[in-house]
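A quick write-up on the structure given underneath.
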2 protein chains.
Amino acid sequence: MPAPHRTSLHLADVQIADEFWSPRRETVRTRTIPHQEARLREGGQFEALLLKPRSHDDDDRERVPIFWESDVAKWIEAASYVLATTDDPELDAAVDKAIELLAGAQQQDGYLNNYFTAVKPGKRFTDLRDAHELYCAGHLIEAGVAHYEATGKTTLLDIVRRYADLIWLEFSPGGPCEGGYDGHQEVELALVKLYRATGERRYLDLSLLLTDNRGKAPFYFDAEAERRGDTGYFGGEWSPGGVYVRSGQRDREYNQSHAPVREQDKAVGHAVRAMYQYSAMADLALELGDQGLREACERLWDDLVTTKLYVTGGIGADPSIEGFGKPYDLPDHTGYAETCAAIGLVFWAHRMMILTGDAKYVDVLERALYNGVLSGASADGTKYFYGNPLASDGTVERSDWFDCACCPPNLARLLTSLEQYVYVADTEGLWVNLYVTGSARFAHGGQRVTVAQESGYPWDGAIAFEITEAEAPLPMTLRLRLPDWATGAAVVTVNGKVLPYTTDKGYAVLDRTWARGDRVELTLPMAPTLVRADPRVTSTAGKVAVQRGPIVHCVEEVDNAAPVPRLVIARSGELRTEHADGQDAIIAEGLVDGPPSDGLYATEPVSAEPTAIRTVPYYAWANRGKGTMAVWVRETP
Amino acid sequence: MPAPHRTSLHLADVQIADEFWSPRRETVRTRTIPHQEARLREGGQFEALLLKPRSHDDDDRERVPIFWESDVAKWIEAASYVLATTDDPELDAAVDKAIELLAGAQQQDGYLNNYFTAVKPGKRFTDLRDAHELYCAGHLIEAGVAHYEATGKTTLLDIVRRYADLIWLEFSPGGPCEGGYDGHQEVELALVKLYRATGERRYLDLSLLLTDNRGKAPFYFDAEAERRGDTGYFGGEWSPGGVYVRSGQRDREYNQSHAPVREQDKAVGHAVRAMYQYSAMADLALELGDQGLREACERLWDDLVTTKLYVTGGIGADPSIEGFGKPYDLPDHTGYAETCAAIGLVFWAHRMMILTGDAKYVDVLERALYNGVLSGASADGTKYFYGNPLASDGTVERSDWFDCACCPPNLARLLTSLEQYVYVADTEGLWVNLYVTGSARFAHGGQRVTVAQESGYPWDGAIAFEITEAEAPLPMTLRLRLPDWATGAAVVTVNGKVLPYTTDKGYAVLDRTWARGDRVELTLPMAPTLVRADPRVTSTAGKVAVQRGPIVHCVEEVDNAAPVPRLVIARSGELRTEHADGQDAIIAEGLVDGPPSDGLYATEPVSAEPTAIRTVPYYAWANRGKGTMAVWVRETP
């Protein structure tokens, strides 16, 4: 039996009112979400739900609405999170309209997927591997739960329950899809959410069933392909969704169906699929106390963070599969690091923290959140990176939208639900995972408690907490995460006096009886540092990255004396921080190679002049036109 | 009127009997040429000449015999060069058979191209831009001239003369192709060879006509495409030959038809096309004393060697066009550097030396020949690189053959005609361009003269010359090239006494009256050196290449303690040469990054251990399995 466990607070119980995230979340509300709604309208995603019959036209591959419900669903989910904390009747009405479309598209028996209803009728659940059917179902379920929890309305929740009930019939023992599972994981974690929102155990069972079916021999996808008469799996071909499907083992690894999930120990294949699968595994391990799933998650985590994680928190270095490359193969120019994959890593890391109570997972969550996730959108919130390379030769820029529009709404739903990542509560008290000005309200020992948090984070390491609501003396453990970059150097005071604290799994543990007005101050060291990668990462050999607090910096040509590859940071030089226009710049002492030689090649060493090298946060790059950029810059030995 | 000019010696008058080239040339004769003949037989290139009617099948693009005559022609040309210096009756017979096939394929009016005879009858000379028709004609002409000069037989020469006569009718004023020119340059330089072999002035005129038609507005290729009803030129599409054709200016630059050739001043577009065009321009400048063409060549040369030349002599960095990238854009991993392009650079450089008497062209010729050309074939002569990148992540290896089989026979014809690049003669005497043990026989001042050359070049810089044949006192200028890497440090002795020599355009000028038995010794400094690139070449920032004499080295993983990116060469360390198994290795003092860190990222500098870094000549890489490789290696400042 699982012990009473840690949970995130409800969105409405967390206030975010800081200078870093609040303006970005407001941008998402006022610009990104309307922009995305317009794009979904133009793109046909809404119209497709009217289910006008159409034939499948191979020459117009991008227009085949094969996973369009997921775009709509993620947009509804993001909008719902906004509605959970903000009064926005116009948005509320827009969401209701979208839900009406979904209601109209749902079939008598609960089925809801316009591709298999209007384009390929009679073929439902025959191409689980590539057709993204359960993936769409999962996003619809997540949207239904978010909408219900935000608004109390059950309009979408009812729709997705009926659909989930149908899926249960299809996949349960004796059903037509017995032994099957999805080619793009997503529904498994969604079903756990649905179980939590409804208490209906069948959804949890279905999630476990799909999870444990995965990767068992004989392989379901082989049998399914044979039933379809599809031989492309073995020769490699474009699927209707525009995904290139390969043959054999690498194909199976692509969607993590190469082995039963409990036996997997290497992060392989498509990175988003992996993150969603691992997230579901962590959820199930928590809900069921399932030690086998937990240990598999821990093995996969270790493999990922020790061999396949960019310093920005990006993952999935290989563009050819939108997924993991070989260990230590983390190229900077060509690295993929899809925005959605970094978002998926946030999802998984959060669940791992809840499962284990270990801050090391939040260290990675924070690395991804402030860097590889945030870089996915432009400063004005309307242009996007699908991939987030760590270096540019000057040709890379964000796009307005994508035919495969997974990343923009994914980013929106993460930022609009950021509340859930800041605090975690359990019977002992409050865990502070992220440092974000605002407050947390929760129940503890029968009391209503509010803790206010205030700081200039991520630019300033001085963070204050105050118990602003507590009716009686309050025995409670307050845990403050000590980021990995702050290890051993964080100082805690309570009511002005330095408190020698104990630490546990990366948290400062403050276990005492609190009273209203008690004030805790945490000071994290914020000196900029140079970071080096393991020498087995060949692309970063001889190079450093600049980091201050959780922010990984990069060097852009526009701020510097020469194209970025000509700059060298002095190993022992001073790193000076300059804060302006809402963000840090770090000024490093260094050299610039030059001047140009007489000819192209010479035997003399290239001369170098001293120069100041200016950085910006990586997330902020590519907002001032095109130019060379690099996170990793050469250093003098 | 042009002055009496420098010429290469006839192949049969030059003996090559050294330890570097002779075994390679023997490999070409005994392995490469038979291997290529077998591949042309399997590939259908010979069979296609039987002209069995066949329809053009777009789905079998590679099998459309659109430039197959050029494969056959280059094979005949290479074989002919062998026959010029070697008695090989079997090869002689094989060539005769191939010529019979060509004779049978030639049409009544002289036309000879199986694609437009058997696959697309009635369409000849309607797709000059992409169909490689005149390109094939050029290779046939080169083969015909080579075969005639080697064997005295006119079987193929007669065929190509009839074809050239037809082309003259087509392209001369009033002809159906008036104003036209070829989409892949080649026939222009071939026509100059045909003029020299036959004395027929019309061929030289035709070469000049095609050269000067090129790039004039209104653009012939636009009008031609319109006549074909082909709109692909403007939208971009695959041509039948498998070449992607782009739109607008970049398309025109692709085949150097963006401007009249006399106005061109930047090396742009497809590199092989460029080299063949520039070679023809140099030929015409020489034959006609045409100052405008000479100056264009000099401008284009300067642009190429100061901004677009790899240290290996490779050119054409951009794989997407098999051609030139932007200035200083010389990536190492992804660099294309097609074998044929480096060979084309040898052709052009040789002609520029003959035109100008300047050794700087031979410096580049030698750089390409010993490095970026030679790397194109495996040590056993039967595996090939089409592209020659300067670094490998461990996945690059040579191929057995290519569907577009231009490079292997091109390499064969270069090595089998190497004689022409070693010496040049003029009325003043002999110019020694390359240091290759053997001899040169030529007429001077009415005498027959033979100069013997002996050295262990490129491994040893001590080169001896002896006048082994001279009937009377011989007033003659002997010019010895002083390679750019030897500037100011070369020593010359005559009959054992140091001779203070004058230099002119990179040559030591020895002007005296010689007698039989006179002995000249040239000593070139052969200390290994570190080479750096202009800092504007961003891919080589902070890196060095190792060079000794003309040989550019590389570092392969198989010889070293770690994958190549983890190695660092000490800037002021000793470079020790070890000669074994017929080639140098350089052992450099350096460091190896490591050992691995605890986690993926750390703030501590990566520790480094001293190590010896072992190099091999770049041309010799990829003969011992797969592994990381780099020409450019980090150096300690």
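Numbers for the structure displayed
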item	result
Residue-normalised accessible area of the stretch B:319-400, given per residue in Å² at a 1.4 Å probe	25
Span-like helix ranges in chain B, DSSP H, alpha carbon extent 20 angstrom or more, Kyte mean at least 0.0	B:68-85, B:89-105, B:133-151, B:155-171, B:271-288, B:339-356
A:Thr615, A:Thr151, reordered so the largest accessible area comes first (probe 1.4 Å)	A:Thr151, A:Thr615
Karplus-derived 3J(HN,Hα), 6.51/-1.76/1.60, for each residue of the stretch A:320-336, Hz, glycine and proline x	5, 10, 6, x, 6, x, 6, x, 6, 8, 10, x, 8, 5, 9, x, 7
C-alpha center-to-center spacing [the stretch A:72-113, the stretch A:261-290] in angstrom	28
At R0 = 22 Å, FRET efficiency that the Cβ-Cβ distance of B:Thr487 and A:Ser607 yields, to 0.05	0.60
Occluded residues from the stretch A:516-558, i.e. those whose accessible area drops by 20 Å² or more once the chain is not alone (1.4 Å probe)	A:Val531, A:Arg532, A:Ala533, A:Asp534, A:Pro535, A:Arg536, A:Thr538, A:Ala541, A:Gly542
Compactness of the stretch B:7-422 - radius of gyration and Dmax, Cα, Å	19.7, 57
Under-5 Å amide H pairs with A:Arg634, H placed in peptide plane, nonlocal only	A:Val544, A:Ile569
A:Arg196-A:His10 pseudo-label distance in nm [points 7 Å out on the Cα-to-Cβ vector]	1.4
Ranked order, B:Tyr163, B:Tyr81 - accessible area, probe 1.4 Å, largest first	B:Tyr81, B:Tyr163
Estimated 222 nm signal from helices in the protein assembly as shown, with DSSP H stretches of n ≥ 4 weighted -39500 (n - 2.57), rounded to 500	-10500 deg cm²/dmol
Within the accessible area of the stretch A:7-422 (1.4 Å probe), percent carbon and sulfur	48
Residues with amide H under 5 Å from that of B:Lys120, placed H, sequence gap 5 or more	none
Largest-first ordering by accessible area, 1.4 Å probe, given options A:Asp71, A:Asp504, B:Asp87, A:Asp290	B:Asp87, A:Asp504, A:Asp290, A:Asp71
Long-range Cα-Cα pairs in the stretch B:427-523 (distance over 16 Å), rounded percent	52
Mean-position separation - Cα centroids, the stretch B:323-397 and the stretch B:430-482, in angstrom	28
Rounded accessible area of B:Trp632 (nearest 10 Å², 1.4 Å probe)	10
Shielding by other protein chains, A:589-601, mean Cβ within 10 Å	5
Tail fraction, Cα-Cα pairs, the protein assembly as shown, threshold 46 Å, whole percent	47
Percent carbon-and-sulfur accessible area, the stretch B:529-635, ignoring ligands, DNA and RNA, probe 1.4 Å	48
Peptide-level mean, for A:565-571, of C-beta atoms on other protein chains within 10 Å	3
The stretch A:529-635 - share of DSSP beta bridges that are antiparallel (%, nearest 5)	95
Beta bridge orientation in the protein assembly as shown: antiparallel %, DSSP, nearest 5	95
Candidate lysines for bridging to B:Lys97, where Cα separation is under 22 Å - those fewer than 8 sequence places away on the same chain excluded	B:Lys52, B:Lys74, B:Lys153
Separation of the B:Leu51 and A:Glu90 label points, Cα + 7 Å toward Cβ, nm	7.6
Buried accessible area, chains A and B (both chains, 1.4 Å probe, Å² to nearest 100)	3200
Residues of the stretch B:427-523: accessible area per residue with a 1.4 Å probe, Å²	43
Prolate/oblate/rounded label for the stretch A:147-235 (Cα gyration tensor, a/c 1.5)	prolate
For the stretch B:603-623, residues shielded by at least 40 square angstrom of accessible area compared with the chain on its own, probe 1.4 Å	B:Thr603, B:Pro605, B:Val606
Residues of the stretch B:278-306 buried by at least 10 Å² on assembly (accessible area, 1.4 Å probe, chain alone as reference)	B:Val305, B:Thr306
Reduced Cα scattering model of the stretch B:279-319, Debye log10 I(q)/I(0), q = 0.14, 0.20, 0.27, 0.34 Å⁻¹	-0.39, -0.66, -0.85, -1.04
Label-point separation, A:Thr155 to A:Gln107 (7 Å along Cα→Cβ), nm	2.5
Amide hydrogen neighbours beyond the local backbone of B:Gly594, cut-off 5 Å, H modeled	B:Ser607, B:Ala608, B:Glu609
Net charge, B:Ile463 excluded, C-beta distance under 14 Å - Lys, Arg +1, Asp, Glu -1	-4
Accessible area in square angstrom per residue, the stretch A:529-635, 1.4 angstrom probe	36
Stokes-Einstein diffusion coefficient of the stretch A:512-637, Kirkwood radius over Cα pairs, 37 °C, 0.692 mPa s, in µm²/s	201
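The values are calculated or read from the model by the stated rules, or taken from the named source; none is laboratory data. In this text the structure is predicted, and so the values were computed from the model without any measurement. Cβ sites come from the backbone with ideal geometry, for glycine too, and all protein chains shown count toward neighbours. The protein model used for the area step is the full one, side chains on, heavy atoms only, and it has no ligands, DNA or RNA in it. Shrake-Rupley method; radii C 1.70, N 1.55, O 1.52, S 1.80 Å.
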